[in-house]
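Everything below concerns the one structure shown next.
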Amino acid sequence: MLDENHHLIQCIMDYQSKGKTAECTQYQQILHRNLVYLATIADSNQNMQSLLPAVSLVRDLRNINYQILYKSTLHPQER
């Protein structure tokens with residue numbers, strides 16, 4: 001998609017340099033759509049990164065609970 005965006009920008013610049021601004025509109029719309037898509041992906045990845053510490057904390061708490069439960073089922077001499 002980055003190569004496609006590069007090509008779109010080149011086309012837009014070429015048409016603008018020739019004074020054909022009307023022809024730019026189609027390419028600008030496609031470029032805009034691609035950029036919004038990339039921004040959405042980047043934003044969702046950033047949101048997932050902010051959730052990872054919470055997921056790690058939940059996993060740690062589960063491990064602690066498991067260890068507590070496991071130790072409580074052992075006989076006193078096995079602890």
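None of the figures in this text is laboratory data; all of them are computed from the coordinates on show. Just so it is clear, the structure is predicted and the values come from calculations on it, not from any experiment. No Cβ is skipped: glycine too gets one built from the backbone with ideal geometry, and neighbour counts run over all protein chains shown.
Observations, loosely collected:
- Using R0 = 22 Å, the C-beta based FRET efficiency linking residue 9 and residue 39 works out to 0.85.
- Summing charges over neighbours of residue 8, with a neighbour being any other residue whose Cβ is under 13 Å away from its Cβ, gives -3 when K and R count +1 and D and E count -1.
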